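Structure first, commentary second.
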């Protein structure tokens, strides 16, 4: 049925990832049937419910489809980015809190920065053969890393966090390697890992960040050769690594110093909580900071630092592809940083007020919700599809939790960026009704 391709795994997440790798590599072709669940369970030596959960995950991500007695098969046109395709179509008149965008009103105007860059470019245009990192950009980025206690290391520039993380993984790992990732976690990253031929290993987290025992298990039992963690404003839960949790995580990582550590600090500039970096505990590490949330997603700039060997590998490979990230964009960010175009404390207060307000409003209505930093709130629900449908009917579009989770139960993500105080109460009421709808009336 599958030719020479063998589906592998002992857990539902591993089986689903194995199928996704086969689809991504072309070993499993569009329309190709998959083994019946009981047959695959016997082959893998697992419970049929485990295979059923894996197939359910693959259906939710748009990788396979099931048609009654005909069984399951790879979708005729599988989504290139399965999780990204899981979105709610927003009808006219419905408020959209699903996209994860920053509040445009909190982003700085770019006119002055771009005009200054254009003026400087007229005097000294960028040409081939120059260093890939603008000197001022690199100096300011390194100073900010130093201020937050990030160990010394060279600075690189990438076109956003995901671009930087991809380059780091390609530079240090080989197809088939296991990578520990947060669950729930950033949907784009959860797509990227299997797309690179790597095997994702989910690690649970709470408000203080990834659970140390989960990281330990991923490394020791699942053979993870890399760990990817979010320092602050974790997407989708808003988790933030505390000082106490950082100490525990450092202890775990120090015992496995050969593991690659990748930290994503995309929340810089929009959170009030201090950074507690783990960098430097392992032999090879990288910490990435994007300007997207604080200065605008379309700037496509992320600064990163790390051990000299890893950064050198990334910059060397980058030089064989795009060459460098536009110096025009780097210098525009330099202008924004130098002129104080964004007040991080004020931005953090704005997001904190909306996010904390929504979490409190949901708590008053008996709804469990998470979000201690950043711009998102994560709400576990008993029925994801039903909750999303009821929210749409009430005038709100939320993000499906399936875009962000592997083994975590159903949930929805709410972005608070553009909510007013009145909106917070209205949304909380709608969520409470959608999570626990009124029982149907009985007649007779």
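From (1) closer than 19 Å to residue 165 by Cα; (2) surrounded by 21 or more Cβ atoms within 10 Å (Cβ to Cβ); (3) out of contact with any helix residue (DSSP H, G or I) (no Cβ under 7 Å at 6 or more places or on another chain), pick out the condition that doesn't hold for residue 215.
So the condition that residue 215 fails would be (3).
Here's the yes/no breakdown for (1) at negative phi; (2) touching a residue at least 60 places away in the same chain (Cβ under 8 Å); (3) out of contact with any strand residue (DSSP E or B) (no Cβ under 8 Å at 6 or more places or on another chain); (4) not assigned by TED's automatic domain parsing to the domain that holds residue 152:
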| residue | (1), (2), (3), (4) |
| --- | --- |
| 270 | yes, yes, yes, no |
| 273 | yes, yes, yes, no |
| 282 | yes, no, no, no |
| 322 | yes, yes, yes, no |
| 327 | yes, yes, yes, no |
| 332 | yes, yes, yes, no |
| 349 | yes, yes, yes, yes |
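So which of 410, 440, 380 is closer than 30 Å to residue 191 by Cβ, surrounded by fewer than 22 Cβ atoms within 10 Å (Cβ to Cβ) and at pLDDT below 95? Talk me through it step by step, then tell me what you get.
Values: 440 fails: closer than 30 Å to residue 191 by Cβ; 380 fails: at pLDDT below 95.
None of the other options fit; the residue is 410.
Go through segment 390-414 and give me each residue that's over 18 Å from residue 182 (Cβ atoms) and either part of a strand (DSSP E or B) or assigned by TED's automatic domain parsing to the domain that holds residue 182 (or both).
Scanning segment 390-414 gives 396, 397, 414.
State all residues of segment 5-59 that are closer than 21 Å to residue 198 by Cβ, surrounded by fewer than 17 Cβ atoms within 10 Å (Cβ to Cβ) and out of contact with any helix residue (DSSP H, G or I) (no Cβ under 9 Å at 6 or more places or on another chain); if no residue qualifies, say none.
Passing the criteria: 25, 26.
Which one is nearest to residue 402 (Cα to Cα), of the residues in segment 26-57 that are outside any strand (DSSP E or B) and in contact with a strand residue (DSSP E or B) (Cβ under 7 Å, 6 or more places away or on another chain)?
Going through the qualifying residues, I end up with 55.
Quick one: which of 150, 193 is closer than 28 Å to residue 413 by Cβ and crowded, with 20+ Cβ neighbours inside 10 Å?
Of the residues listed, the single one that is closer than 28 Å to residue 413 by Cβ and crowded, with 20+ Cβ neighbours inside 10 Å is 193.
Confirm whether residue 117 is closer than 22 Å to residue 256 by Cβ, assigned to a helix (DSSP H, G or I) and outside the structural domain of residue 54 (by TED's automatic domain parsing).
no
Is at least one residue of segment 227-234 at pLDDT 95 or above, farther than 19 Å from residue 172 by Cα and touching a helix residue (DSSP H, G or I) at 6+ places or on another chain (Cβ under 8 Å)?
yes
Counting residues that are closer than 24 Å to residue 110 by Cβ, which helices (runs of 4 or more DSSP H) fully inside segment 265-368 reach at least 3? Show your work before the answer.
Values: elements: 292-295, 308-319, 327-338, 344-364.
The qualifying helices (runs of 4 or more DSSP H) are 292-295, 327-338, 344-364.
Find the residue count for segment 124-143, including only residues that are surrounded by 15 or more Cβ atoms within 10 Å (Cβ to Cβ) and assigned to a helix (DSSP H, G or I).
6
The values are calculated or read from the model by the stated rules, or taken from the named source; none is laboratory data. In this text the structure is predicted, and so the values were computed from the model without any measurement. Every residue, glycine as well, gets a Cβ built from its backbone with ideal geometry; the counts of neighbours run over all protein chains shown.
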